[in-house]
Amino acid sequence: MAETVGLIGLGSMGLSMAHNLLNKGFALRVYNRTPDKASELIARGAQEAATPAAAAAPGGIVISMVANDAALETVTLGDQGVATALGSGGIHVSMSTVSPQLARRLADAHREHGSHYLAAPVLGRPAAAAAGKLFILLSGPAAAKQRAMPLLMALGQATRDLGDDPTQGHVAKLAANFMILSLVEVYAEVLTFAQKNGIGRQDMMQVLTGTILDAPLFRLYGELLAQEDYTTPGFRLALGLKDVELILATGAIARTPIPAADLVHNRLLAAVARDRGELDVTALALGVSEDAGLR
């Protein structure tokens, strides 16, 4: 039996990951701000933790998959945070999309308590998390990475080791999400252009993914955009807005202009202003269609 793992955050990604870990034989101790989300996991044998600290066994491993910087800081450094609870030899596997700046502070805080912070944000939607098919972008201390590897292998189909700097996994995740968000914008514009000129969205999508864009990511987002069904969020639009704001802030610190990110930011901001934040991130295409007079 694998060691008991703490898991903090049971949104769509965290819940899917938790079920996958139970399927793989891991014992789980789970915490979520709203406890009712843990009920189906408890029924399957997971233990419920009343606080983030209670999810972290001394010297153990705890995963966090929470929505943003503020949530991660609270579950790590708050009065009932995991930094103190993990203590000597403990490992915090941080799988959220957060700022590199926060990652640096949390890594320093863990080091003060004798524990380790691993950046391990993921690429993949909830279905990939449930199937153990995530791509994991890993960085942090080598010994901690080695110990956490069986857990990461259960969660993902591949792990990309980006070195010892605990910020690098988060930088890579922001860069990848920038690519995804930019792809959605460009795809939406291309499909709308085709539609306005008499080619159906599905037909145009099949042209693209059958020729110049024949890759899993392009097929996935092409199909979602061609169907125009935005009501089942695998990646909520409000989180896409949060991510592009992190991208712009990180770019500003590094003195790196990112003009395309400004465009996507405005598109997402307009969508949230129209109360579309709970839709899938592909719903930014609604704004593209509206600009073209299609809605």
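Taking only protein heavy atoms into account and a 1.4 Å probe, give the accessible area per residue of the chain in Å².
On the way: 12910 Å² over 295 residues.
Accessible area per residue, the chain: 44 Å².
Can you check what the Kirkwood hydrodynamic radius comes to for region 17-95, Cα pairs only, in Å to one decimal?
12.7 Å
Region 260-294: which trypsin sites (Lys or Arg not before Pro) are DSSP loop and have at most 14 other beta-carbon atoms within 10 angstrom? Show your work: numbers first, answer last.
Details: sites: 267, 274, 276; in loops: 274, 276.
Here the trypsin sites (Lys or Arg not before Pro) that fit, given the DSSP loop and packing criteria, are 274.
Multiply the residue separation of residue 37 and residue 255 by 0.36 nm, subtract the distance between their alpha-carbon atoms, and state the gained length in nm to one decimal.
74.4 nm is the gain from fully extending residue 37 to residue 255.
Expressed in nm², what is the orientationally averaged projection area of the convex hull enclosing the Cα positions of the chain?
The number I arrive at for the chain is 15.5 nm².
On the Cα set of region 35-78, report Rg and Dmax in Å, please.
Expressed in Å, the Cα Rg and Dmax of region 35-78 come to 11.5, 30.
On alpha-carbon atoms, Rg over Rh for region 248-295 using Kirkwood Rh?
1.08
When only DSSP loop residues count, what trypsin sites (Lys or Arg not before Pro) in region 1-76 have their Cβ near at most 16 other Cβ atoms within 10 Å?
Sites meeting the loop and neighbour criteria: 24, 33, 44.
Which three semi-axes in whole Å describe the equivalent ellipsoid of region 218-291, each the square root of 5 times a Cα gyration tensor eigenvalue, listed largest first?
Result for region 218-291: semi-axes of 23, 13, 12 Å.
So, by mean Cβ neighbours within 10 angstrom, what's the order for 163-171, 209-217, 87-95 with the highest one leading?
Listed from highest to lowest mean packing, they are 87-95, 163-171, 209-217.
Using Cα atoms only, what is the angle between the long axis of helix 142-155 and the major principal axis of the chain, expressed in degrees (0 to 90) to the nearest 10?
Value to nearest ten degrees: 60.
Excluding residue 151 itself, calculate the net charge of residues whose Cβ lies under 14 Å from the Cβ of residue 151, where each Lys or Arg counts +1 and each Asp or Glu counts -1.
Details: positive: 24, 29, 145, 147; negative: 3.
Net of charged neighbours comes to +3.
Give me the base-10 log of I(q)/I(0) for region 160-295 at each q in 0.15, 0.20 Å⁻¹, Debye formula, one uniform scatterer per Cα, rounded to two decimals.
Listed by q, the Debye log ratios stand at -0.75, -1.19.
Classify region 95-191: rounded, prolate or oblate, from the alpha-carbon gyration tensor (a ≥ b ≥ c, eigenvalue square roots; a/c under 1.5 rounded; otherwise prolate if a/b is larger than b/c)?
Taking the square roots of the gyration eigenvalues as a ≥ b ≥ c, region 95-191 is oblate.
The values are calculated or read from the model by the stated rules, or taken from the named source; none is laboratory data. Here the structure is a predicted model, which is why all the values come from computation and not from measurement. Note: ideal-geometry Cβ built from the backbone for every residue, glycine included; neighbour counts use all protein chains shown. Keep in mind that these areas ignore ligands, DNA and RNA; they rest on the heavy atoms of the full protein, side chains included. Shrake-Rupley method; radii C 1.70, N 1.55, O 1.52, S 1.80 Å.
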